[in-house]
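Step one of this worksheet: look at the structure below.
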Amino acid sequence: MSDGQRDLRSPFRLEGKFSGFITDGYGIPKYLQLEIATGNLTIKLAKRSRFQLGLSLQPNDWIEVFGEKKLKYKTGELRWKADRVNKLTASN
């Protein structure tokens, strides 16, 4: 970028209630929806974990999500990308 400004990246770890998936055109999960104390987040899934998570997570499961968040310098948009998701407890 010409003015030396860059997107800000930082790691994250979140716990919350899994609400569901947003799928691609083939029905494979591309994003997960996570309910946390401050609201709901849509988090992009790493390609390597999309199919496996689609088989193992159910709505209302309590999960832990690790990844990287990126604040886009030009737009102010915050994007979340999960590298790893762990199921902590099953839904009731």
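The values are calculated or read from the model by the stated rules, or taken from the named source; none is laboratory data. Note that the structure is a prediction, hence the values are computed from the model and not measured. A quick note on method: Cβ atoms are made from the backbone with ideal geometry, for glycine too, and the neighbour counts reach across all protein chains shown. Ligands, DNA and RNA are excluded from the accessible area calculation, which covers all protein heavy atoms including side chains. Shrake-Rupley method; radii C 1.70, N 1.55, O 1.52, S 1.80 Å.
Rounded to two decimals, the Cα-based Rg/Rh of the range 1-49, with Kirkwood Rh, is 1.11. Starting from the coordinates of the alpha-carbon atoms of the chain, obtain the Kirkwood hydrodynamic radius over all distinct pairs and give the value in Å to one decimal. This gives a value of 13.9 Å.
Normalised by the number of residues in the chain, the mean separation of alpha-carbon contacts (under 8 Å, six or more apart) gives a relative contact order of 32 percent. For D61, the residues whose amide H sits under 5 Å from its own are F18, S91, ignoring neighbours fewer than 5 places away on the same chain, with H placed 1.01 Å from N.
Shown for the chain: the carbon plus sulfur share of the solvent-accessible area, taken with all protein chains present and a 1.4 angstrom probe, equals 48%. Between the amide H of A46 and those of A82, distances stay under 5 Å, these residues lying 5 or more places away or on another chain, with hydrogens modeled in the peptide plane.
Listed values for the range 26-41 are Karplus-derived 3J(HN,Hα) couplings in whole Hz (6.51 cos²θ - 1.76 cosθ + 1.60, θ = phi - 60°), namely 9, x, 8, x, 10, 10, 10, 9, 10, 9, 10, 4, 8, x, 10, 10, and x replaces Gly and Pro.
Multiplying the residue separation of N86 and Y26 by 0.36 nm and removing their Cα-Cα distance gives an extension gain of 19.2 nm. For the chain, chymotrypsin sites (Phe, Trp or Tyr not before Pro) are listed when DSSP marks them as loop and at most 13 other Cβ atoms sit within 10 Å of their Cβ; the list is Y26, Y73. Take the Cβ atoms of E77 and Q52, set R0 to 41 Å, and the FRET efficiency comes out at 0.90. In a simple Cβ point-charge model (Lys, Arg +1; Asp, Glu -1; nothing else charged), the range 1-62 has a dipole of about 240 debye relative to its Cα centre. For the range 15-92, the number of Lys pairs separated by eight or more positions or lying on different chains, with C-alpha atoms closer than 20 Å, is 23.
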